[in-house]
Amino acid sequence: QVQLVESGGGLVQPGGSLRLSCAASGRIFAIYKMGWYRQAPGKQRELVAAETSSGSPNYGNSVKGRFTTSRDNAKRTVDLQMNSLNLEDTAVYYCYARLSPVGQDYWGQGTQVTVSS
């Protein structure tokens, strides 16, 4: 019904940058909220950044000031620019979308980000 495909993960050194991208496709009239979560080994999935179609982005505390999300509503895409990466940012990053305020959540397959020297 709705597919989310991420790209851009990989290996980066501490202090480096990466950019993730996510594209939504399928039977979509509009996307209410779109963004990113991540899950590190042995930890719960946590919010990285999410943005509603008409609001400001909401960031997780651990990434504020370092990560920036940007949506293109017409293209149904969301990017995540990650700067000043540190070892604690290592995780699988999942693209997320919700089509309406109380609708179902959709998830991408995840992309691995590894920060290592």
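The values are calculated or read from the model by the stated rules, or taken from the named source; none is laboratory data. Computed from a predicted structure; not experimentally measured. No Cβ is skipped: glycine too gets one built from the backbone with ideal geometry, and neighbour counts run over all protein chains shown. Only protein heavy atoms, including side chains, enter the accessible area calculation; ligands, DNA and RNA are left aside. Shrake-Rupley method; radii C 1.70, N 1.55, O 1.52, S 1.80 Å.
The table below lists the values:
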item: Proximal aspartates and glutamates relative to K75, as straight alpha-carbon distance under 18 Å, when same-chain residues fewer than 8 apart are discounted; result: E6, E51
item: Label-zone membership for region 40-59, site N83, 7 angstrom Cα→C-beta point, backbone N under 20 Å; result: 48-51, 56-59
item: Lys/Arg +1, Asp/Glu -1 at C-beta; the chain dipole; positive extreme among G9, I31, T111; result: I31
item: Solution diffusion estimate, µm²/s, Stokes-Einstein, region 1-106, Kirkwood Rh from C-alpha pairs, 4 °C, viscosity 1.567 mPa s; result: 92
item: Carbon/sulfur fraction of accessible area - the chain, other protein chains in place, 1.4 Å, %; result: 47
item: Neighbour-limited loop hits for trypsin sites (Lys or Arg not before Pro), region 65-108 (at most 12 other Cβ within 10 Å; DSSP other than H, G, I, E, B); result: K75
item: Gain upon complete extension [K75, A40; 0.36 nm per residue less C-alpha separation]; result: 9.7 nm
item: Over region 14-62: Kirkwood hydrodynamic radius from C-alpha pairwise inverse distances, Å; result: 13.0
item: At most 13 other Cβ within 10 Å, DSSP loop - chymotrypsin sites (Phe, Trp or Tyr not before Pro), region 1-81; result: F29
